[in-house]
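Read-outs throughout are calculated quantities, based only on the coordinates presented, and are distinct from any laboratory measurement. What you see is a predicted model; the values in this text were computed from it and never measured. As a convention, Cβ positions derive from the backbone with ideal geometry for all residues, glycine included, and neighbour counts pool all protein chains shown.
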Amino acid sequence: MNKVALVTGGTRGIGASIAIALKNKGYTVAVTYQSNEASAKKFQQENQIPIYQWDISNFEACQEGLNEVIKTHGSIDVLVNNGGITRDGFLHRQSTDQWNHVITTNLTSCFNMTRGVIESMRERGFGRIINISSVNALKGQIGQANYCASKAGIIGFTKALALENAKKGITVNVVAPGYIGTDMVRAISEPILEQIITSIPIGRLGQAEEVARAVLFLADDMSGYITGETLNINGGLLCN
Ligand code: CAA
């Protein structure tokens, strides 16, 4: 039987590429989305991948949503915690809402989603959890104290979870993309984005498919000896 994979924030950008790559590899895939119904429906029609709408920052919504996915598709073997947002701004001008929204959507969601699948993965003796962080967790970024904190938190979360589940056939890893040509990055103002691209040693934005490739690798049965790791895909941004 096909393994079941669930990707949060899986109808656009990096998440969509991950979902499509998993489907092409033979997984049964489901994705969640937060609010952009038009692009979610378009994604579903184009790719024949079922979409589920819930707020990943809400614990109860995650448990209800997960139950529905499991009832329809079977137990989840691969969880990709990809859903995330930015609310950029200098900290001296940031509101409590800007902080909380980013932390709960990007980091608390990893707890909410993982808590709902981890017991079953432990019972079945298999699981792959792949958490999407960011190069900015490791190098910092102007205007992103909230985002960098949430994405760095994911790395600590991953390492602790990897240790807790190492003897249960479950691996937990991070993929940390750099600047990928998605809506999120293209929303950066033109002069700042140009400045960012100039700083990338490879000299271009990454492609979502280049990130999906790493997720496929970590999800594979043969990657069972890799756990607690961070795989960086950033065009060389951390070399300097
Ligand atoms: N890299 C280098 N310099 C930056 C910068 C960046 N990412 N962001 C801001 N700056 C610089 C500006 O060039 C400007 O410099 P000067 O004063 O010399 O002109 C200074 O910081 C102040 O910037 P603004 O004039 O834009 O100030 P603002 O208050 O209007 O806006 C801001 C502040 C919201 C942080 C805005 O600058 C911004 O959106 N910056 C981009 C932040 C960013 O890089 N976000 C990444 C989003 S993509 C992502 O997060 C995906 C991922 O995982 C990699």
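Some observations on this one:
- Whether the stretch 1-76 is rounded, prolate or oblate, judged on the alpha carbon gyration tensor where a/c under 1.5 counts as rounded: oblate
- Alpha carbon Rg of the stretch 176-219, scaled by the compact-globule rule 2.2 N^0.38 Å: 1.26
- Net charge contributed by nearby residues that have their C-beta within less than 13 Å of A30 (K/R +1, D/E -1): +1
- Residues with amide H under 5 Å from that of T230, placed H, sequence gap 5 or more: V174
- Residues of type lysines that K139 reaches as a straight line, Cα spacing below 16 Å, ignoring anything fewer than 8 places off in the same chain: K151
- Residue of I18, I70, I118 that the Gaussian network model of the chain assigns the largest fluctuation, springs spanning Cα pairs under 10 Å: I70
- Per residue convex hull volume, Cα atoms of the stretch 49-124, in Å³: 98
- Long-range amide H partners of T32 with built H, under 5 Å: V7, T8, G9, G10, Y52
- The stretch 166-206-the stretch 1-27 distance, computed between alpha-carbon centres (Å): 19
- Between G178 and V135, I233, N234, the built amide H atoms are under 5 Å apart, and every one of these is 5 or more places off in sequence or on another chain.
- Proportion of all alpha-carbon pairs of the chain beyond 31 Å (%): 17
- Within-15-Å neighbourhood charge of P50 [Cβ basis; K, R +1; D, E -1]: +1
- On full extension, the segment bounded by N67 and K42 gains 6.6 nm, given 0.36 nm per residue less the C-alpha separation.
- Highest-fluctuation residue, Q207, Q195, Q141 considered, GNM on the chain with Cα pairs under 10 Å: Q195
- Fewest-first sequence of F111, F90 by Cβ atoms within 10 Å of each Cβ: F90, F111
- Phi-based couplings in Hz for the stretch 32-43 (Karplus 6.51, -1.76, 1.60; Gly and Pro marked x): 10, 9, 9, 8, 7, 5, 4, 6, 5, 5, 4, 4
- A helix-only calculation puts the chain at -14500 deg cm²/dmol for mean residue ellipticity at 222 nm, using -39500 (n - 2.57) for each DSSP H run of at least four residues, averaged over all residues.
- The alpha carbons of the stretch 140-240 give a radius of gyration and a Dmax of 15.4, 49 Å, in that order.
- Percentage relative contact order, the chain, counting C-alpha pairs under 8 Å, at least six apart: 20
- GNM result for the chain, Cα springs below 10 Å: residue of A176, A208, A160 fluctuating most strongly: A160
- Backbone HN-Hα couplings from phi across the stretch 116-122 [Karplus 6.51/-1.76/1.60, Hz, Gly and Pro as x]: x, 10, 5, 5, 5, 4, 5
- The mean sequence distance of close C-alpha pairs (under 8 Å, at least 6 residues apart), as a share of the length of the stretch 106-173, puts its relative contact order at 42 percent.
- Hz values of 3J(HN,Hα) by residue in the stretch 87-98 - Karplus curve (6.51, -1.76, 1.60), Gly and Pro given as x: 9, 6, x, 4, 4, 5, 10, 7, 8, 4, 4, 4
- Three semi-axes of the equivalent ellipsoid, the stretch 101-197, Cα gyration tensor, whole Å, largest first: 31, 12, 11
- Sorted from longest to shortest, the spans of the Cα atoms of the stretch 6-48 along the three principal axes equal 27, 18, 14 Å.
- Segments 186-194, 147-155 sorted - mean Cβ within 10 Å per residue, highest first: 147-155, 186-194
- Rounded tilt (10° steps) of 13-24 against the dominant C-alpha axis of the chain: 30
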